[in-house]
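Participant: Here it is, the structure in full.
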Amino acid sequence: MNEQVEQLSCQELVELVTDYLEGALPEEARLRFEDHIGRCGACKIYLEQMRQTIVVLGHLPEAALSPDAERELLQAFRGWRSG
Amino acid sequence: MGQALAEEKLLESLRAGNEEAFRELVREYQPSLVRVARIYVSNQAAAEDVAAETWLGVLKGLDRFEGRSSLRTWIFRILTNIAKTRAVRDGRTLPFSALQDPGRVPEAAVDADRFLDPEHPRWPGHWAVKPEAWPEDALLAAETRDRLTEAIEALPATQRAVISLRDIEGWSSEEVRNALDLSETNQRVLLHRARSKVRAALEEYLKEAGT
């Protein structure tokens, strides 16, 4: 692999992953990013891991309200309606 | 448009005193309210208090709410005001700088020692210790989820709020920016740091689990 000065290093690439996934990279930077990913197996894995992280986060259960707290709020709601 | 209509209906039900509508609203927003409150107050119990107080504020203001902003934005504005007041009362310094200028303190997504020296003659800034593909089945294991939860708990409050709203609750970046009053860039910086740390925690755990 020939190294050119303007290529992204792996260390630089990992800092751009969120911008890339958010679609916030300007065209030229996006092309450089994709070019690097196309040739660098390790960075490809890194990007995949970020995607997997997001997917797994989406499967986490949301925090639930305790039954007591819910009861209190509903009581407040009834009070509000009648008050 | 469909969303605005659904909101209009919901408001009508709430104003008519429909308890089920209120219960649903509370269930939908409570987790996010508590997460955002944690940015301002020091612990979970205080954050839950702030959320409860927010609901009372919502009830108080409901008849006057004119729908100029979305219901969600309005609810979070109430929350933020209450949380800030509470933080001042508790003598806490608000993490304004953390919200408004997270770029002030640089943070690497991946430890520098995972890479070769930027001055390396042949491979500057390339991986020294490469990431390895994760086993799909381990990712979905219950223990992995516990680790994930721990990793999120360990984040600074602002990063925790952003990643929770975006990736756990599935909000859009615009919704998060509105609720937390963040610029586009700062939202992204906070999200980037949070995701990078959570990825690193997963990597560490899966490596341990695999050996």
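Participant: Show the residue pairs that are 6+ apart or on different chains and have beta-carbon atoms under 8 Å apart, the first residue being within the stretch A:53-74 and more than 7 Å from chain B (Cβ to nearest Cβ) and outside any helix (DSSP H, G or I), the second being surrounded by fewer than 16 Cβ atoms within 10 Å (Cβ to Cβ) and among the hydrophobic types (A, V, I, L, M, F, W, C).
Facilitator: A:HIS59/B:LEU140
Participant: Here's another thing I want to ask about it. Of all residues in the stretch B:156-183, count the ones that are part of a helix (DSSP H, G or I) and within 20 Å of B:ALA108 (Cα to Cα).
Facilitator: Result for the stretch B:156-183: 7.
Participant: Here's something else I'd like to know. Condition first: over 14 Å from B:LEU180 (Cβ atoms) and hydrophobic (A, V, I, L, M, F, W, C). Can you find one or more residues in the stretch B:98-108 that meet it?
Facilitator: The answer is yes, given that some residue of the stretch B:98-108 is over 14 Å from B:LEU180 (Cβ atoms) and hydrophobic (A, V, I, L, M, F, W, C).
Participant: OK, next. For the stretch B:127-140, enumerate the residues that are in contact (Cβ under 8 Å) with a residue 24 or more places away in the chain and either in the same structural domain as B:VAL41 (by TED's automatic domain parsing) or more than 29 Å from A:SER9 (Cα to Cα) (or both).
Facilitator: Selection gives B:ALA138 alone.
Participant: Something else about it: State which residue is surrounded by the fewest Cβ atoms within 10 Å (Cβ to Cβ) when the search covers only the stretch B:14-60 and only residues that are small (Gly, Ala, Ser), free of Cβ contacts under 8 Å to residues at least 12 places away in the same chain and part of a loop (DSSP other than H, G, I, E, B).
Facilitator: Here the answer is B:ALA16.
Participant: While we're on this one: Please determine whether any residue of the stretch A:40-48 is of a type in the set (Ser, Thr, Tyr) and more than 8 Å from chain B (Cβ to nearest Cβ).
Facilitator: no
Participant: Could you check the stretch B:183-194 and list, in sequence order, the residues that are within 9 Å of chain A (Cβ to nearest Cβ) and over 11 Å from the mean Cα position of the chain (by Cα)?
Facilitator: B:GLU184, B:THR185, B:ARG188, B:VAL189, B:HIS192, B:ARG193, listed by residue number.
Participant: Next question, about the same structure. For the stretch B:30-44, how many residues meet the condition of being of a type in the set (S, T, N, Q) and more than 14 Å from chain A (Cβ to nearest Cβ)?
Facilitator: The total comes to 2.
Participant: Do we have any residue at all in the stretch B:17-24 that's among the aliphatic types (A, V, I, L, M) and modelled with pLDDT under 90?
Facilitator: No: the stretch B:17-24 contains no residue that is among the aliphatic types (A, V, I, L, M) and modelled with pLDDT under 90.
Participant: I've got another one for you. So, in the stretch B:72-93, how many residues would count as being at pLDDT 90 or above and under 21 Å from A:GLU70 (Cβ atoms)?
Facilitator: 6
Participant: Identify, by number, the condition in (1) at the interface with chain A (Cβ under 10 Å from one of its Cβ atoms); (2) at pLDDT 90 or above that B:VAL176 doesn't meet.
Facilitator: (1)
Participant: Next up: Could you list, in sequence order, the residues of the stretch B:61-76 that are more than 14 Å from every other protein chain (Cβ to nearest Cβ) and crowded, with 16+ Cβ neighbours inside 10 Å?
Facilitator: Selection gives B:LEU71, B:ARG72, B:TRP74, B:PHE76.
Participant: Looking at the stretch A:25-32, is at least one residue more than 8 Å from chain B (Cβ to nearest Cβ), exposed (fewer than 15 other Cβ atoms within 10 Å of the Cβ) and of a type in the set (Asp, Glu)?
Facilitator: yes
Participant: OK, next. Starting from residues that are more than 9 Å from the chain's Cα centre (by Cα) and of a type in the set (Asp, Glu), keep the ones in the stretch B:155-182 and report whichever is surrounded by the most Cβ atoms within 10 Å (Cβ to Cβ).
Facilitator: Of everything passing the filter in the stretch B:155-182, B:GLU175 is surrounded by the most Cβ atoms within 10 Å (Cβ to Cβ).
The values are calculated or read from the model by the stated rules, or taken from the named source; none is laboratory data. Treat the numbers as computed from the prediction; the structure is a model and nothing was measured. Here Cβ is always computed from backbone atoms with ideal geometry, including for glycine, and neighbour counts include all displayed protein chains.
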